[in-house]
Amino acid sequence: LETPESTVSPAGRAESLPPPTATPAPDDRALAEQGGGGGGRVAFYYAAGVGHSPAPRDRRRMIEVAERVTEAYDALSAAGLVQRCERQEARLASDEELRRVHRQEHLEQVRRRSEEQRPANGSVYYSSEADTAARLACGAVVDAALAAVAPGGPRRALALVRPPGHHASRDGFEGGFAEGGCFYNSVAAAAAAARAA
């Protein structure tokens, strides 16, 4: 195995590399002096979507469950990190925010299938709370991105949310737009909101 400290020359001999040089991250005071603001503040958004759960018959095969984030939250809280953050309320992403990255047909499909509580197919399940949980998660990620780039904002933000969004497609898959436990692409919506701000 190669290590960062050595490499093999074309002649097959190990050669030492100079130690890596890293530019130290500026401390909070330096950021404030440069006009970066925010100090050591971290905006923290949490939306566990606990009401969105698979039906008992699907529970054993689904990995996208509330415990994924509730356990992470508990660990962060036990380490005292949650208490050091500025807790923010998660809000529902609006249709306008979602339409920047998804078609109206997508929004309607997720809403309808949530109301129908469609059984799990493949890697996604619809509970009565799926649309609401996904909108809360997406709204939190959008707000975290906007808080981090806002002048005088905290410069740092964390959104611990579910359901995830990275598999949700703009163009759709066979039979739907949601995939891999994802309903709305939160990161894409956050990037679009930041660009529009």
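The values are calculated or read from the model by the stated rules, or taken from the named source; none is laboratory data. Small disclaimer: the values here were computed from a predicted structure and weren't measured. With ideal geometry, Cβ positions are generated from the backbone for all residues, glycine too; neighbour counts draw on all protein chains shown. Note: areas computed on protein heavy atoms with side chains; ligands, DNA, RNA excluded. Shrake-Rupley method; radii C 1.70, N 1.55, O 1.52, S 1.80 Å.
Scanning for something open to solvent by 40 Å² or more (accessible area, probe 1.4 Å) and either touching a residue at least 60 places away in the same chain (Cβ under 8 Å) or small (G, A, S) (or both), does the range 139-148 turn up at least one residue?
Looking through the range 139-148, none of the residues is open to solvent by 40 Å² or more (accessible area, probe 1.4 Å) and either touching a residue at least 60 places away in the same chain (Cβ under 8 Å) or small (G, A, S) (or both).
When both residues are 6+ apart or on different chains and their Cβ atoms are under 8 Å apart, which pairs have a first residue that lies in the range 108-123 and is over 15 Å from H167 (Cβ atoms), and a second that is of a type in the set (S, T, N, Q) and loosely packed, with under 15 Cβ neighbours inside 10 Å?
From the range 108-123, the pairs are S114/S128; E115/S128; Q117/S128.
Filter the range 183-192 down to the residues that are buried (at least 23 other Cβ atoms within 10 Å of the Cβ) and either among the hydroxyl-bearing types (S, T, Y) or over 11 Å from the mean Cα position of the chain (by Cα) (or both) and list them by number.
Within the range 183-192, F183, Y184, S186 meet the criteria.
Take the conditions crowded, with 23+ Cβ neighbours inside 10 Å, under 14 Å from the mean Cα position of the chain (by Cα) and assigned to a loop (DSSP other than H, G, I, E, B) and apply them to G165. Does it pass? Give the derivation first.
Details: crowded, with 23+ Cβ neighbours inside 10 Å: yes; under 14 Å from the mean Cα position of the chain (by Cα): yes; assigned to a loop (DSSP other than H, G, I, E, B): yes.
Here the answer is yes, as G165 does meet what is asked.
Taking the condition of being touching a residue at least 40 places away in the same chain (Cβ under 8 Å), open to solvent by 40 Å² or more (accessible area, probe 1.4 Å) and part of a helix (DSSP H, G or I), how many residues in the range 66-89 meet it?
Looking only at that region, the number is 4.
So, in the range 144-183, how many residues would count as being of a type in the set (K, R) and at pLDDT below 85? So that I can check it myself, show each step before the final result.
So in the range 144-183, the residues of a type in the set (K, R) come out as 155-156, 162, 170.
Those still in the list that are at pLDDT below 85 too: 170.
Number satisfying all stated conditions: 1.
Identify, please: which residue in the range 32-54 is at pLDDT 75 or above and small (G, A, S) and is, among those, farthest from L158 (Cα to Cα)?
Restricting to residues being at pLDDT 75 or above and small (G, A, S), the top hit is S53.
Among the residues of the range 149-160, is any within 28 Å of E86 (Cα to Cα) and buried (at least 24 other Cβ atoms within 10 Å of the Cβ)? Before you say what the answer is, go through the steps one by one.
Within the range 149-160, the subset within 28 Å of E86 (Cα to Cα) is 149-160.
Within this subset, residues satisfying the condition of being buried (at least 24 other Cβ atoms within 10 Å of the Cβ) are 157, 159.
Scanning the range 149-160, I find at least one residue that is within 28 Å of E86 (Cα to Cα) and buried (at least 24 other Cβ atoms within 10 Å of the Cβ), so the answer is yes.
Any idea which residue in the range 94-131 is most open to solvent (accessible area, probe 1.4 Å), counting only those that are in contact with an Asp or Glu (Cβ under 9 Å, 6 or more places away or on another chain) and in a loop (DSSP other than H, G, I, E, B)?
Selected residue: R103.
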